[in-house]
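> Before I ask anything, here is the structure I am working with.
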């Protein structure tokens, strides 16, 4: 379990992505759900949970849910707001547009995935 | 253990990356080594190994060693040529240049990391 690299919110000024609010304890998505958006936390905190274990706390500036956009697979973990939380929802066309326009964003996503992989490797 | 998504070699026509040859059984790098290059397999096969377990077979068109370039961390697994193998070595400046010029390459790297993460999640 750990905190993730923060993203630069300036990328959001260039996209028209909707905000969504969740109450403390509210599920954002469940494991195995189909996923058509990733999220960036603007305020609050999101826990990523699998088999009842909290894998990560995602805080403002952090992203989650990007795996389903990358490989069109189901959600690999559940996401729950652990306090009142506001997120920005980024759909696949927007995600692809950001990757195309902003190589730094692409590198940040890779970095996030690499951090997660190293953490998983240590657990196995 | 599984095979990885293939990359389009045309990306290599635009970079001046050296080839390296390894004999069957030869180590390419060891776990915890510092890493300053990723590799693309041109011919042969590379096994990625940790704690004596083969995590992946990387075949022609597949890449490995990208984690160390992304987060500047040590090698998370060892890589060994399991047959006579030719790889293209891509250093960090070249990697960053490809990510900048070719969003499809960036997406492929993300996809590869996502595949690995999902596999690790299933093992935990």
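Where a number appears in this text, it was derived from the coordinates with a stated rule and is not lab data. Here the structure is a predicted model, which means the values were calculated and not measured. Glycine also receives a Cβ, built like all others from the backbone with ideal geometry; neighbour counts cover every protein chain displayed.
> Got a sec? How would B:71, A:72 order by Cβ neighbour count within 10 Å, fewest to most?
A:72, B:71
> Label-to-label distances across copies for residue A:53, with labels 7 Å out along Cα→Cβ, in nm, shortest first?
Spelled out, the distances from residue A:53's label point are 1.2 nm.
> Averaged over peptide B:76-86, how many Cβ atoms belonging to another chain are found within 10 Å of each residue's Cβ?
1
> While we're here: Which of A:73, A:65, A:35 moves the most in a Gaussian network model of chain A with Cα springs under 10 Å?
The residue with the greatest mean-square fluctuation here is A:73.
> Using the 7 Å Cα-to-Cβ label point, sort the distances from residue B:100 to its equivalents in the other copies shortest first and give them in nm to one decimal.
Copy-to-copy label distances at residue B:100, shortest first: 2.0 nm.
> Mind sorting B:94, B:85, A:50 by how few other Cβ atoms lie within 10 Å of their own Cβ, fewest first?
With the sparsest Cβ surroundings first, the list reads A:50, B:94, B:85.
> Copy-to-copy spacing for residue A:32, label 7 Å out on the Cα-to-C-beta vector, in nm, shortest first?
Label point to label point, same position, other copies: 4.0 nm.
> Let me ask something else about it. Using a 10 Å cut-off around each Cβ, can you sort B:122, B:92, A:27 from fewest to most neighbouring Cβ atoms?
In increasing order of surrounding Cβ atoms, one gets B:122, A:27, B:92.
> If you don't mind, there's one more thing I want to ask. Using only Cα atoms, locate the centre of the stretch A:83-124 and the centre of the stretch B:15-73, then give the distance between them in Å, rounded to an integer.
24 Å
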